[in-house]
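*Asks:* The structure's right below; bear with me while I get my questions together.
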Amino acid sequence: MDGYLVWLIILLVVGVVVSNLMVLKYTAKFKWPDTKSSKTEDDSDQDTTNKNKD
């Protein structure tokens, strides 16, 4: 391989890694919905399926 092709591949890989880190840092600022509410909804769904099976 030519030298410039190796450097191009290295720069592309470094660019992908840096951009992924920037996206992770940006999305860390978001507030996600509370997980307790989703668990209670899942539990209620499971209870109704168990009642239907009996």
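The values are calculated or read from the model by the stated rules, or taken from the named source; none is laboratory data. The shown structure was predicted, so the numbers you read here are calculated from the model rather than taken from an experiment. We place every Cβ from the backbone using ideal geometry, glycine too, and count neighbours over all the protein chains shown.
*Asks:* Being of a type in the set (D, E, K, R) and outside any helix (DSSP H, G or I) is the filter here, so list the residues in region 1-32 that pass it. Talk me through it step by step, then tell me what you get.
*Replies:* Going through region 1-32, the residues of a type in the set (D, E, K, R) turn out to be 2, 25, 29, 31.
2, 29, 31, listed by residue number.
Residues checked against (1) loosely packed, with under 10 Cβ neighbours inside 10 Å; (2) at pLDDT 90 or above:
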| position | (1), (2) |
| --- | --- |
| 5 | yes, yes |
| 8 | no, yes |
| 11 | no, yes |
| 14 | no, yes |
| 17 | no, yes |
| 52 | yes, no |
